[in-house]
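Below is one structure, written out as structure tokens; the observations come after it.
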Amino acid sequence: MLLIYNGRVLYMEEFSDIALDHFMCPRNMGTIDSANGEGYNGDPSCGDYIEIFIRVENNIIEDIGFLVFGCGGAIATGSMTMVLSKGKTLEEALKITEEDIVEALGGLPENKKHCSNLGVQALRNAIQDYYDKEKNK
């Protein structure tokens, strides 16, 4: 079965049902009010790019959102990064790995596994941004 998305052909059987669900209905897509940490990863001029916004209260990620420019794998991994991060302490969120994202999605096609780095690194960058802002208060 094929799915056409933004002029690209996706072979749906290559993706798990979980990954397809996160691609078609991404969680926490968009910016958030009163974000106190922001991080990005990728290069919007030549490929996949993600930006993550976090609102931290009492060392817990209370709210999180993301914007993404990229393929279905980038959208799905960004969405799962949101799910695994929200409600976690900063220390717990920093322990999330690329492998955790791929596993939670029920796997990814081999040529899309690199997408899991986008969300993980952007999340780490957002947490570092939060720490930097807190330090400079």
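Tell me, Ser116, Ser45, Ser85, Ser16 in order of fewest to most beta-carbon neighbours within 10 Å? Show your work: numbers first, answer last.
Values: Ser116 27, Ser45 7, Ser85 24, Ser16 16.
If I rank by nearby Cβ atoms, fewest first, I get Ser45, Ser16, Ser85, Ser116.
Residue by residue through the stretch 113-128, which ³J(HN,Hα) values in whole Hz follow from phi under the Karplus form 6.51 cos²θ - 1.76 cosθ + 1.60 (θ = phi - 60°), with glycine and proline marked x?
4, 4, 4, 5, 5, 4, x, 4, 5, 5, 4, 4, 5, 5, 5, 5
If you plug each phi of the stretch 93-102 into the Karplus form 6.51 cos²θ - 1.76 cosθ + 1.60 with θ = phi - 60°, what whole-Hz ³J(HN,Hα) values come out, in order, with x for Gly and Pro?
Karplus values, whole Hz, x for Gly and Pro: 5, 5, 8, 5, 10, 4, 5, 4, 5, 4.
Give the Kirkwood hydrodynamic radius (Å, one decimal) of the stretch 2-135, defined as one over the mean of 1/r across all pairs of different Cα atoms.
Values: mean 1/r = 0.0682 Å⁻¹.
Averaging 1/r across every pair of different Cα atoms and inverting gives 14.7 Å.
Can you sort Met29, Met82 from fewest to most other Cβ atoms within 10 Å of each residue's own Cβ?
Numbers: Met29 14, Met82 22.
Ranked by crowding around the Cβ, least crowded first: Met29, Met82.
Between their Cα atoms, which of Lys112/Lys135; Lys88/Lys113; Lys113/Lys137; Lys88/Lys135; Lys113/Lys133; Lys112/Lys137 are more than 30 Å away from each other?
On the way: Lys112/Lys135 37 Å; Lys88/Lys113 24 Å; Lys113/Lys137 38 Å; Lys88/Lys135 21 Å; Lys113/Lys133 32 Å; Lys112/Lys137 40 Å.
Among Lys112/Lys135; Lys88/Lys113; Lys113/Lys137; Lys88/Lys135; Lys113/Lys133; Lys112/Lys137, the Cα-Cα distance tops 30 Å for Lys112/Lys135; Lys113/Lys137; Lys113/Lys133; Lys112/Lys137.
Would you kindly state how much longer the chain becomes between Arg124 and Ser34 on full extension, computed as 0.36 nm times their sequence separation minus their alpha carbon distance, in nm to one decimal?
Numbers: separation 90, 0.36 × 90 = 32.40 nm, distance 1.85 nm.
Separation in residues times 0.36 nm, less the Cα-Cα distance, equals 30.5 nm.
With 10 angstrom as the radius, rank Cys115, Cys71 by how many other C-beta atoms surround their C-beta, starting from the fewest. Present the calculation step by step, with values, prior to reporting the outcome.
Numbers: Cys115 27, Cys71 19.
Arranged by neighbour count, lowest to highest, Cys115, Cys71 become Cys71, Cys115.
Report ³J(HN,Hα) in whole Hz for each residue of the stretch 68-79, in order, from the Karplus equation J = 6.51 cos²θ - 1.76 cosθ + 1.60 where θ = phi - 60°; Gly and Pro get x.
9, 10, x, 7, x, x, 5, 5, 5, 5, x, 4
Please give the charge dipole size of the chain, origin at the Cα centre, charges +1 on K and R Cβ atoms and -1 on D and E Cβ atoms. Round to the nearest 20 debye. Intermediate results must be reported in sequence, preceding the final value.
Numbers: 12 positive and 22 negative charges, 44 e Å.
Roughly 200 debye, rounded to the nearest 20.
Along the charge dipole of the stretch 2-135, Cβ charges K/R +1 and D/E -1, which of Gly119, Met82, Gly47 sits furthest on the positive end?
So the residue furthest toward the plus end is Gly47.
Taking R0 as 30 Å, what FRET efficiency do you get between Lys133 and Glu14 from their Cβ-Cβ distance, rounded to the nearest 0.05? If you can, show how the numbers build up before the last one.
Numbers: r = 40 Å, r/R0 = 1.34.
The formula returns an efficiency of 0.15 here.
Read the figures in this text as sums done on the coordinates, not as results from a lab. It should be emphasised that the depicted structure is a prediction, and the values quoted were computed from it without experimental measurement. Positions of Cβ are backbone-derived with ideal geometry, glycine not excepted, and every protein chain shown enters the neighbour counts.
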